[in-house]
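Notes follow once the structure below has been shown.
The values are calculated or read from the model by the stated rules, or taken from the named source; none is laboratory data. Please read these numbers as outputs of a predicted model, since none were measured by experiment. Every residue, glycine as well, gets a Cβ built from its backbone with ideal geometry; the counts of neighbours run over all protein chains shown.
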Amino acid sequence: MSTGSAVSTPAPDRSTTPWDVSFLRVGTLITAAVAGVAAPVAGLVAGWDHAAAIAVSAVIVTAFFAISGLAVAFAGRIGDTLTLPAALLAFFVKALVLFAVLGALPADGWLDRRTVAWSVVVGALLWSGVQLRWVWTRQIFYVPPPAPPVTTRTTPSHRAPDREPDSTGKAG
């Protein structure tokens, strides 16, 4: 019978655990690809003010999602309980900025306001899809991952007996 205690590995310090924001790269590339196709099509079909609106909207949505992702990752490094307030605050500030930008655009300016608004909605849905797929396809540990098993090589001639010795010292 062993009198030793169980060995446990300490949990990693949350402040040093990196938050994965790799979805920002994927979202940016997908947004660039969609906007790269949609802007010229809109320019040929509806006018170049619509094409410019789509391009500007792609930049706005990408910047807004990058700000949110980085804010949540920063808050998560401080403490997990800060991630929701950080996300809500970032959303509130971005909504105010978006409403101010849309309100500041002149009705007959070089950007079509309605196209900007709808492109932001489509871009936000696109980014939401990217984030959903990113979360669903990542392995997320809710506790620190287990340590890999320690393997020892034993040869058949040096194997321990299958049974414990009895009181006489012989394996039974």
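Of all residues in segment 46-83, those being exposed (fewer than 14 other Cβ atoms within 10 Å of the Cβ) and under 17 Å from Ser128 (Cβ atoms) number 1. If the condition is being under 26 Å from Thr62 (Cβ atoms) and at pLDDT 75 or above, then segment 128-164 contributes Ser128, Gly129, Val130, Gln131, Leu132, Arg133, Trp134, Val135, Trp136, Thr137, Arg138. Of all residues in segment 84-99, at least one satisfies being of a type in the set (Val, Ile, Thr) and either more than 15 Å from His50 (Cα to Cα) or at pLDDT 95 or above (or both). Let me confirm something: among Val135, Val101, Val150, Val120, which residue is under 18 Å from the mean Cα position of the chain (by Cα) and either not in a helix (DSSP H, G or I) or not charged (D, E, K, R) (or both)? Result of the check over Val135, Val101, Val150, Val120: Val135. Across segment 19-45, the qualifying residues are those that are among the β-branched types (Val, Ile, Thr) and within 18 Å of Thr115 (Cβ to Cβ), and the one among them that is surrounded by the fewest Cβ atoms within 10 Å (Cβ to Cβ) is Val45.
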